[in-house]
RNA sequence: GCGCCAGUAGCUCAGCUGGAUAGAGCAACUGCCUUCUAAGCAGUCGGUCCGGGGUUCGAAUCCCUGCUGGCGCACCA
């Protein structure tokens with residue numbers, strides 16, 4: 001206790017204040033510099049965690065509605081991996097469903113080859129929209145579309161080939177976005193991967209008396225669960241077709257057998273809460289033995305600038321690619337202004353990291369359960385509590401270390417630390433591991449954002465009050481050592497948020 | 001109607017598994033660049049934590065209730 005604790009004060013209100021000892025702080029910082037740890041430890045029992053996120057739809061552009069799942073899921077994957085868990089990421093893309101009837105019909109009747117060559121996704125969106133609107137007024141057209149869908153489901157070679165082409169094109173588009181964002185998936189097993197398994201799943205649930213027939217559909221009831229007593233789950237429609245409940249159950253079953261995970265995390269918006277409660281409950285009844293921990297990590301709705309729900313069909317969707325472009329452009333303007341003499345290629349590379357980092361940070365900073373209010377200015381802000389602030393703090397450290405002639409970490413003892421700003425910074429630094437544990441526990445990266453902002457803020461304050469390169473003797477060495485240790489944690493933290501760091505800005 | 005989620009500074013939001021004087025960014029205002037990156041630092045201003053009960057030594061946080069808003073509720077995902 002004496003090693004860790006310096007003094008214990010009796011504070012007001014029945015509080016005891018334990019002050020961490022300076023010697024403990026010194027040895028912790030020393031261990032960071034020695035590469036022993038980063039003020040955090042690996043989990044004692046690594047778990048296998050499947051993370052299901054992003055899940056865009058084939059034949060549609062990725063838009064702002066996809067960023068939360070994509071960025072949040074990737075961040076969680078990074079953090080789980082870092083703390084020592086084995087992570088499997090799976091992109092459950094929407095590559096099956098009734099929309100393909102209309103798409104196939106549109107493809108065969110009104111596809112514009114030139115427009116398709118120029119921008120395939122846009123053309124697919126156009127034909128879908130046109131057929132969809134026309135089919136609403138024209139029953140014959142509607143049944144023609146249904147016929148195309150049946151053909152596809154029956155394995156018609158022509159329709160299958162077209163369908164496959166639409167998937168390939170879409171995946172190219174997805175991959176472009178993921179490449180820009182530095183996101184990788186271990187698997188992309190879309191809804192269609194489970195087609196063959198659907199009948200078996202439903203039959204098994206019927207056989208086990210978990211599901212029953214009701215009004216021609218196959219349904220699971222939850223009479224004893226308050227929230228779901230009036231909300232049964234349909235797992236097979238009265239026309240014999242399957243829906244997303246059946247697909248999700250088949251997917252879950254597959255993952256259990258294929259990966260044998262300890263935990264599965266689904267990152268989707270909050271509107272699917274009831275759906276996942278149903279799926280998890282059905283699964284609990286179905287696989288009564290020790291199943292994986294199932295967690296629905298949900299996030300709030302995306303609202304427009306006016307605070308009203310941001311509806312997809314209203315036509316005002318912002319494409320994800322456009323958002324990323326705009327972020328890079330805005331960042332580039334500032335980079336040029338701040339660094340007029342910098343090489344243009346370097347300006348662009350820095351602007352890209354800043355712009356994309358700004359988007360990720362803006363997305364991860366709010367509590368995920370809050371509704372998301374989309375605003376260009378907020379999303380792309382480069383001042384205040386933003387990625388730029390963290391990146392800037394990191395470049396200051398990088399700059400100091402670049403200029404630190406004759407500095408060697410093994411000369412650092414931290415014996416000269418005595419300024420309050422130094423101790424404030426050091427005490428903040430050692431909280432990193434605790435924060436990571438909380439993030440993993442609650443799947444809330446905003447805790448990490450807040451921590452890194454506080455760390456950067458303490459660094460900026462220290463930087464203002466304590467000269468580093470100009471300091472003399474031990475103080476110079478120790479302050480450089482402190483900066484280096486902070487830089488190691490700060491840059492690791494940014495990496496865990498999926499934000500690339502820069503040397504200069 | 002039933003259920004889920006939310007309501008905190010002018011705006012956008014943290015904080016919510018009970019703890020000290022409720023925090024940050026933006027906006028507004030005041031200082032700080034002949035010293036390491038001012039994309040910064042220091043400060044001022046700004047609060048009925050939606051209302052009302054309750055539990056507790058202690059409630060923004062937990063419970064009940066009311067109001068307001070968002071979302072979901074058999075055959076879209």
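The values are calculated or read from the model by the stated rules, or taken from the named source; none is laboratory data. Here the structure is a predicted model, which is why all the values come from computation and not from measurement. Note that we place each Cβ from the backbone using ideal geometry, even for glycine, and neighbour counts take in every protein chain shown.
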Per-region count, the range A:215-241, residues more than 31 Å from the chain's Cα centre (by Cα) and within 26 Å of residue A:146 (Cβ to Cβ): 11
Inside the range A:359-437, counting only helices (runs of 4 or more DSSP H) that do not spill past its ends, which hold 2 or more residues that are at pLDDT below 95? A:376-379, A:420-429
When (1) touching a helix residue (DSSP H, G or I) at 6+ places or on another chain (Cβ under 7 Å); (2) more than 10 Å from RNA strand B (Cβ to nearest atom); (3) not assigned by TED's automatic domain parsing to the domain that holds residue A:107 are applied to residue A:142, the one that fails is (3)
For the range A:315-330, the count of residues that are more than 15 Å from RNA strand B (Cβ to nearest atom), in a helix (DSSP H, G or I) and either buried (at least 17 other Cβ atoms within 10 Å of the Cβ) or touching a residue at least 60 places away in the same chain (Cβ under 8 Å) (or both) equals 4
The listed residue being more than 10 Å from RNA strand B (Cβ to nearest atom), more than 23 Å from residue A:446 (Cβ to Cβ) and without any contact (Cβ under 8 Å) to a residue 60 or more places away in the chain, out of A:345, A:333: A:345
Hits in the range A:455-505 - residues which are away from RNA strand B (no atom under 13 Å from the Cβ), on the phi < 0 side of the Ramachandran plot and not in a helix (DSSP H, G or I): A:499, A:500
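State which residue is modelled with the highest pLDDT when the search covers only the range A:92-138 and only residues that are within 16 Å of RNA strand B (Cβ to nearest atom) and over 30 Å from residue A:251 (Cα atoms). Let's see the steps before the verdict.
Just the residues of the range A:92-138 that are within 16 Å of RNA strand B (Cβ to nearest atom), to begin with: A:92-104, A:128-129, A:131-132, A:135-136.
Now drop any that are not over 30 Å from residue A:251 (Cα atoms), which leaves A:131, A:135-136.
On the way: A:131: 93, A:135: 88, A:136: 84.
Once the filter is applied, the top-ranked residue is A:131.
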Considering residues that are within 8 Å of RNA strand B (Cβ to nearest atom), surrounded by fewer than 17 Cβ atoms within 10 Å (Cβ to Cβ) and in a loop (DSSP other than H, G, I, E, B), the number found within the range A:208-264 is 11
Here is a check on your reading of the model: is residue A:312 modelled with pLDDT under 95, closer than 24 Å to residue A:96 by Cβ, more than 7 Å from RNA strand B (Cβ to nearest atom) and not in a helix (DSSP H, G or I)? yes
Residues in the range A:187-206: is at least one within 30 Å of the chain's Cα centre (by Cα), surrounded by 13 or more Cβ atoms within 10 Å (Cβ to Cβ), more than 16 Å from RNA strand B (Cβ to nearest atom) and at negative phi? yes
How about the range A:20-135: which helices (runs of 4 or more DSSP H) wholly inside it have at least 2 residues that are touching a strand residue (DSSP E or B) at 6+ places or on another chain (Cβ under 6 Å) and within 30 Å of residue A:373 (Cα to Cα)? A:67-82
